[in-house]
Each structure stands twice: as structure tokens, then as C-alpha cells.
Amino acid sequence: MDLNAVRTFVAAADTGQFQEAAAELEITQQAVSKRVAALEAGLGVRLFTRTPRGTRLTIDGQAFLPHARALLQAAERAAASVRPGSRALRVDVVGRRVATAGLLRDFHRAHPGTALDVVTLYGADAAVAALKDGTIDATFRAVTMPGRRLPEDIEAVPVFDEPQMLFTGPGHEFAGARSITPAQLAGQRIWMPGNEPGTEWAAYYDELAATFGCTIDVLGPSPNFGIETLLDTIADSSTLATFLSEQTPLVWPAGHDLRLIPLRDPTPVYPHCLLWHTDNPHPGLAALREHLLARRPEHAGAGTWRPTWAR
């Protein structure tokens, strides 16, 4: 359906005069007549009757008018969804269950008037490309990865160092510990089924494993069927563990008796940064940066561990 014809029909219905509708739309009266005639032909009904005082809606015209208004409103919402300055602030997170998604929830509570569109892209390369294309406004990533540098027009600022914890079942040798050191992980098997080669999180855990002598097991005892399978497997194993954050919003059955064990001396932290394009004009982007930087927690460098490429 031709939206210009629909817009012309609504203008004629509101003014009651084709001439006034033409003036409002800045087109000729003949163009108004042609658009309305084309719309009537497409619908197979008369929308107006002519009167000495102008035009009057027919019964069909009255029935069509609210739907015509809804069509124009939907078109405006569709355009606004991609129009810089009016569309929602579009932010990428690695996953909706990670700590950075929680940071966005906090931002939304503090700025309820800022419309937010949360997306999940796979890997830093895809996220940086989307920043350069303008399809997203910001992304949370760990940078810089080994051997890579960010493009000059992409800015990055650290916003959150996420402490890592050991996640075990009740039969694991560390299940009863109040805390352990990363050195005690030497020889331990850590199941990380989402560690895809080339991703920034795989680079992080690979260096952590090399530093402290544990083994990152990507395949594990079963294929990667998602977080529920991981929870079930960890709960039943006396040798498998994984890394999680205390801020990861997970709920598991009470019978699993799973344990989150703090890592101390040093505490491995995952270094989240906010990335954006220097030329991005979205008004919500500055508000997001200010919010995150004002609430950025500080971790003592002496008591934490980061990969060499993030120091």
C-alpha cells in the first residue's frame, strides 16, 4: 500500500477539503485527487463523496481512517528505529547472562527515558565492524587481544573488572573450601564449552590456564547443549569445574548443591571495556559512558590478575 496515498487520504479526511490537504502536503490539488483515486482503486471502495462544501467520508472511509492512521504511525516508528538521534541506543553484549548485561540493566533503571536495544554479536571482530558501520552504538568487550589493535576511530575505556570464581559440584576436592589461590588450580580440568578459538574470552582463559597450570577443556564429557547441561554435568562430577562470576544470574535446582568458590592471591579479573565509534552522534551514548565511569569499581592491581594484553 502506497503510504503517500494513505497520508494524503488522512490529510483530506482531517481537513475536509482536497485543496486544504494539498496545501498541507505542499502538492497540487490534482495530485491529491490522483492519490486518493489510486487508493480507492486499490481498495475497491469509495472513500469520499463530494459535497458542495468539500468532501465527506463514506462509511468505508470512516472504517478505513483509524487503520490509515495506524499505518502512518507504524511507518514513523519503523523509521525512528533506525534514525540516529531518535532510535533506541543499540548496545552489544557477549551474552544476556553476563555481568555487562547487568550493567546495562542498572543504566536503564537510572535512565528510564533512554530507549535501549540490547543485541548479542559473536566475537570482537563482528562487534568492531558493527561499530564502524554504525549498526550498533557501543559494545562491551575485552581488549586488546593478542596481536591486534583497535582501529583509530574506535575508542575503548575500561568499565568493569569482573572477578572470576571457581564453580564446582559437591563432590569436587575444592567444594568445601572458603577460597583458593589460582596456584591451586594446577592440574585441574576446567570445562569451558563456549571457548571458541579466536574469541576474546578464549584468549583470556587460555592465558589464565597457561599462567596457573590448569587445563581448559572445550569438548568436555558431552557436546555443548547449553548452560543447563553444564550445570547438570558439574553437579555430578568430582573432577570437572568451570569459571563463573558471582554476578552471573543463574538459578539451579537445590539438589545440585553447586558451589561458587572465590579465587584469591591474586584474583583473576575479566577486563570489560566499553567500545564506541568516535563519530557516533547518538545522545544516549554519552549518558551511558558517564554512568559506567561514575560507577566503575576499582580493584587493587597488586591483588588481581589480568592477561598481559589487557594490562
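Where a number appears in this text, it was derived from the coordinates with a stated rule and is not lab data. This is a predicted model, so every value here is computed, not measured. Using ideal geometry, Cβ is built from the backbone for each residue, glycine included, and neighbour counts are taken over all protein chains shown.
Multiplying the residue separation of residue 264 and residue 62 by 0.36 nm and removing their Cα-Cα distance gives an extension gain of 65.5 nm. Magnitude of the charge dipole for the chain, about its Cα centre and with charges confined to Cβ atoms of Lys, Arg (+1) and Asp, Glu (-1), is about 960 debye. For the pair residue 278 and residue 70, a Förster radius of 45 Å applied to the C-beta separation gives a FRET efficiency near 0.70, rounded to the nearest 0.05.
Report, for the chain, the % of DSSP beta bridges that are antiparallel, rounded to 5. Antiparallel bridges: around 60 percent, rounded to the nearest 5. Residue separation of residue 38 and residue 174 scaled by 0.36 nm, minus their Cα-Cα distance, works out to 41.4 nm of gained length. Rg over Rh for the chain works out to 1.21, both radii taken from alpha-carbon positions and Rh defined as the Kirkwood radius.
Here the simple spin-label model places points 7 Å from the Cα toward Cβ, and for residue 29 and residue 116 these points are separated by 5.4 nm. Here the extension length gained between residue 252 and residue 149 equals 33.2 nm, from 0.36 nm per residue of separation less the Cα-Cα distance. Each label was represented as a point 7 Å from its Cα along the Cα-to-Cβ direction; for residue 215 and residue 45 these points are 7.3 nm apart. In terms of its C-alpha gyration tensor, the stretch 165-262 comes out oblate, because a/c is 1.5 or above while a/b does not outweigh b/c. When you count the other C-beta atoms within 10 angstrom of each residue and take the mean per peptide, 24-36, 163-175 line up highest first as 163-175, 24-36. Candidate membrane-span-like segments in the chain, meaning DSSP H helices with Cα atoms spread over at least 15 Å of their own axis and a Kyte-Doolittle mean of 1.0 or above, do not occur, with no membrane implied either way. Direction-averaged projected area, Cα convex hull, the stretch 3-80: 5.0 nm², rounded to one decimal.
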